[in-house]
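Engineer: Here it is, the structure in full.
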Amino acid sequence: MTTPQERLQAHPRILRSRGLALPPGGVPVPEILDSWGRCAEAGLPIDFVPEVPVVSSADLHRRRDQAGLLRHLALAEIEILSQQIAGSNFLLAFGDQDGVILDMFEDHRFATSSSGAGIVAGSHWAEGICGTNGLGTALAAGRAISVNGPEHYLFHFGDISCTASPIRDAWGQVVGVLDASSYFESRQRHTEALVKMATTQIENLLLCHQMRDAVVLAIHPRAEFLGTLSAGLMAFDPSGVLRAVNARAHVLLSGLSVASGTGFEELFNAPFDATVQFLRKGGTANLHDVMGSALVIRAQGAAAVASPPGYFTSPSRAAATPKAPVTAGHVSIGGQHYLAGDPCVEAALRMVAAAVRLKVPVLIHGETGTGKEQLARHAHEVSGRKGAFVAVNCGALPAELFESELFGHKGGAFTGARREDNPGLLASADGGTLLLDELRELPLALQPALLRFLDDQLVRPVGGTRSRKVDVQIVAASHTELEAEVAAGRFRADLMYRLNTVCVVLPPLRERRDFGEAVWHVLNGLAPGASITPAAIDLLASHSWPGNFRELRAVLTRALLARVDADAPLDVPELRPHVPARSGASTNGASALHVSATELVLREFERTGHNISLTSRNLAISRTTVYRHLRERRTQPQG
C-alpha cells in the first residue's frame, strides 16, 4: 500500500502547482490524493474556473420523479440537518447517483455569497466536471468524505468545505448522495458525523421499504441499541434466505458471509421459523451467531407485531388506557423505568444514543418536569462510558464561583478558596458525562471558556499553569428557547451552535400520546399495586400540567394520602379536589397556558415559512396538534 507522500510524488505536476495551497499538515488524506490523481488524468486545469453545467427543467423533473421515495426520505433528513448545523452559513443538498443536485436548502448568507454561485438545483457536480468536491468525490470514491478548502482540486472552490455521503439501497447500489457545505472558516467538526447519521437513517428506512415483503430483523449485542442507528438490519425471504443487509450488519457479523442467498441457519445457531414465530409475539430474543458471539434480535418494520401499548389512537386517551400497568414502552435508567411509549420520546432516545457514541454535544429542550435529567442519564448509560455522571444546575451556583467549580482551582487561588486543590466538575466527569442543567443561567463571562473546552477538551484550574486533557461527554438541558436568549444578548450564538450540534425535544405531558400509561407509571412508582379508573384518567387528561411529571406526581401523592379505602382504585371524587381548576380563561374557554402554547406554535409556524412538517418536527408535536393550534387561533377574538 502506498503512503500519502508516495501518492503525491506520483503526480509531480500536482505537487508543483499546489505549493502553499496544501492544507495544514502538509499532505491531504489518501482519498483526496486519489481524487486529485483522477482529476489530473482527466486533464482538468487546476486554475480552471468552471461553468457548472445545469440540466434542463424537464430533465430535473424526470430525475426527481425517478428518485421517488428516496427523495422524500432525504428531504426529511435535510430538515433535521438544517437545525443541527444552523449558524454555519451552510448549504444542504441531495443529489442523484450522477451527481446532479435535485434539492437543496441554504441559509441566506451562503446563498448570497460568491461561494454559492453555481450551486443550484439541477447543477451537475460530478468529479470529472468540477474536480475534487464533496458531492462528486463521495460518489466517485463510494464512501463519505470531507473536502476542506484547499483540498478542492480547483482553486476556485478553495473557500468552501464540503462533506458528503453516498446513499445505498437495500442491494448496496449507490442511488444518491447527501451533501453539507459551508464557508471554510465556518465548518463544524461534527458535520461529517451528522451527515453519516442522516445517510444511515435514509438507508435503513429505504431497506425496510424495499424489503417490505421480507422478514426484516434488527440485531445488536445489546438490546437497548436495537432501535438506534448502530443496529444491524437483515432481510430474509419467508424461507430464511438472506436478501439484503445494511452496512452495520456487515460490521456486527464480521468474519461471516452475509452475501445474498445465505441461509439464516448458516449465520445463527437457531432455526429461522421458530425464531420469527417467537419474535412476532413481541419483544426480543437472545441467540448466538455461528462463531459464538452473543446477539439480541427483534423483528423490524412489517415483520414486527402491532404497535405496543401506549400508542393510543382513540380521541379519548382515557378510553384507550389499559386496565392494568403495562411494561412495554420503558427503558431502564439506573435501575429505574423511564417511560418511552410516546413516539417523540422514542425518537429522542434514539437520537441521543447515536449522538453520544459519536461524542458530539447534546442539547435537551423541554419544559420543567419533562424528564430532561433522566434522558441525560440515559445518554450516559448507552454511551458505555466508565466515568461518572456529573450534573450541575447552572442557576444554583453563584456566578463568581462558577468558573472555579467547573474548571477547578488551586488551593488558595483566590480569596475564600479552600486550601486544598479542587479538581472541578469537568475533571470529575473525566471519562464520563457532564450535564449542564438550566443552561440559560450559564454566566455570560464563562461562556467563552466553555466554548474553548468544547474545541480542545483541555482543563486548566483557576490559579494553575498547566492544562489537563479530559474526555467528557457534554449534555446540556434547557426549558427556554436559547435563540431568544441569544437575541437578548444573554447567551453567545457560537456556544449555542456548538451545544446545539444534536438537539432533542421532550414533549410536555399534555401532548404525550402515552398519557394514560404515564399516569399508571407514576402511580405504581408511588404505590405499587395501586389502580385508577378510566374516568379518573379522563379527569387528569383535562388538565394542562404546566409542571408535567413533577406536578402529576404531587397530585397523585395527595390523592393517595387522602383516600379512605386503600384497596379501591382512585376515582374522580378522590382526585377532583387535588386537580387544579382551569384558570385565566379567555372568552372561548382556552386557558392562558394553552393560549401561550398556541402563540408558540404560531411563532414557529411563521419562522419556518408556514411549513407544517418543520413546525411539527421543531416543536416535537404532531402535525394534528399544529393544525389544531392554527384553527384555534383563527377562532379566538382579536384585539
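Engineer: Which one is farthest from SER146 (Cα to Cα), of the residues in region 30-57 that are in a helix (DSSP H, G or I) and of a type in the set (Gly, Ala, Ser)?
Structural biologist: Applying the filter and picking the extreme gives SER57.
Engineer: Across region 380-414, which residue is modelled with the lowest pLDDT among those that are small (Gly, Ala, Ser) and more than 26 Å from MET351 (Cβ to Cβ)?
Structural biologist: My answer is ALA413.
Engineer: Does region 147-163 include one or more residues that are part of a strand (DSSP E or B), open to solvent by 40 Å² or more (accessible area, probe 1.4 Å) and polar (S, T, N, Q)?
Structural biologist: Checked against the condition, which is being part of a strand (DSSP E or B), open to solvent by 40 Å² or more (accessible area, probe 1.4 Å) and polar (S, T, N, Q), region 147-163 yields at least one hit.
Engineer: A follow-up question, please. Residues in region 189-197: is at least one in contact with a Leu (Cβ under 8 Å, 6 or more places away or on another chain), open to solvent by less than 10 Å² (accessible area, probe 1.4 Å) and either β-branched (Val, Ile, Thr) or at pLDDT below 90 (or both)?
Structural biologist: yes
Engineer: Tally the residues that are buried (at least 17 other Cβ atoms within 10 Å of the Cβ), at pLDDT 85 or above and aliphatic (A, V, I, L, M), restricting the search to region 455-468.
Structural biologist: 1
Engineer: On to the next question. Considering only region 224-241, how many residues are within 18 Å of ASN286 (Cβ to Cβ) and open to solvent by 50 Å² or more (accessible area, probe 1.4 Å)?
Structural biologist: Of the residues in that region, 1 qualify.
Engineer: I've got another one for you. For region 108-128, indicate whether the set of residues that are under 28 Å from LEU33 (Cα atoms), modelled with pLDDT of 90 or more and in a helix (DSSP H, G or I) is non-empty.
Structural biologist: Looking for residues that are under 28 Å from LEU33 (Cα atoms), modelled with pLDDT of 90 or more and in a helix (DSSP H, G or I), one finds at least one in region 108-128, hence yes.
Engineer: Just to verify a result, which residue in region 248-290, among those that are touching a residue at least 60 places away in the same chain (Cβ under 8 Å), closer than 16 Å to ALA235 by Cα and touching a helix residue (DSSP H, G or I) at 6+ places or on another chain (Cβ under 8 Å), is surrounded by the most Cβ atoms within 10 Å (Cβ to Cβ)?
Structural biologist: LEU279
Engineer: Hey, any hits in region 426-441 for a residue that's out of contact with any His (no Cβ under 9 Å at 6 or more places or on another chain), assigned to a loop (DSSP other than H, G, I, E, B) and open to solvent by less than 10 Å² (accessible area, probe 1.4 Å)?
Structural biologist: Yes: region 426-441 contains one or more residues that are out of contact with any His (no Cβ under 9 Å at 6 or more places or on another chain), assigned to a loop (DSSP other than H, G, I, E, B) and open to solvent by less than 10 Å² (accessible area, probe 1.4 Å).
Engineer: Within region 538-553, track down each residue that is open to solvent by 50 Å² or more (accessible area, probe 1.4 Å) and within 28 Å of the chain's Cα centre (by Cα).
Structural biologist: Within region 538-553, PRO546, ARG550 qualify.
Engineer: Kindly establish whether ASP571 is open to solvent by 50 Å² or more (accessible area, probe 1.4 Å), at pLDDT 70 or above, touching a strand residue (DSSP E or B) at 6+ places or on another chain (Cβ under 9 Å) and not hydrophobic (A, V, I, L, M, F, W, C).
Structural biologist: Yes.
Engineer: Please go through region 456-472 and pick out each residue that is touching a residue at least 40 places away in the same chain (Cβ under 8 Å) and either under 21 Å from the mean Cα position of the chain (by Cα) or in a loop (DSSP other than H, G, I, E, B) (or both).
Structural biologist: Listed by number, the residues that qualify are ARG460, PRO461, GLY463, GLY464, VAL470, ASP471, VAL472.
Engineer: Need the failing condition index for ALA244 against (1) of a type in the set (Gly, Ala, Ser); (2) in a helix (DSSP H, G or I); (3) open to solvent by less than 10 Å² (accessible area, probe 1.4 Å), just the number.
Structural biologist: (2)
Engineer: Being of a type in the set (Asp, Glu) and surrounded by 15 or more Cβ atoms within 10 Å (Cβ to Cβ) is the filter here, so list the residues in region 26-74 that pass it.
Structural biologist: Across region 26-74, the qualifying residues are GLU31, ASP34.
Engineer: I need a count of the residues in region 500-511 that are crowded, with 22+ Cβ neighbours inside 10 Å, over 15 Å from LYS372 (Cα atoms) and modelled with pLDDT of 85 or more.
Structural biologist: Residues in region 500-511 being crowded, with 22+ Cβ neighbours inside 10 Å, over 15 Å from LYS372 (Cα atoms) and modelled with pLDDT of 85 or more: 0 in total.
Engineer: Go through region 415-436 residue by residue and tally those that are β-branched (Val, Ile, Thr) and modelled with pLDDT of 75 or more.
Structural biologist: Qualifying residue count for the region: 1.
Engineer: Name the residue that is farthest from LYS359 (Cα to Cα), counting only residues in region 469-499 that are of a type in the set (Lys, Arg) and surrounded by fewer than 17 Cβ atoms within 10 Å (Cβ to Cβ).
Structural biologist: Looking at residues that are of a type in the set (Lys, Arg) and surrounded by fewer than 17 Cβ atoms within 10 Å (Cβ to Cβ), I get ARG490.
Engineer: Could you list all residues from region 469-499 that are at pLDDT 85 or above, polar (S, T, N, Q) and over 22 Å from LYS386 (Cβ atoms)?
Structural biologist: SER478
Engineer: Of ALA299, ALA320, ALA324, ALA306, which residue is in a strand (DSSP E or B), small (Gly, Ala, Ser) and modelled with pLDDT under 90?
Structural biologist: The unique qualifying residue is ALA299.
The values are calculated or read from the model by the stated rules, or taken from the named source; none is laboratory data. It should be emphasised that the depicted structure is a prediction, and the values quoted were computed from it without experimental measurement. Cβ atoms come from the backbone with ideal geometry, glycine included; neighbour counts cover every protein chain shown. Accessible surface is based on the protein model in full, side chains and every heavy atom, while ligands, DNA and RNA are left aside. Shrake-Rupley method; radii C 1.70, N 1.55, O 1.52, S 1.80 Å.
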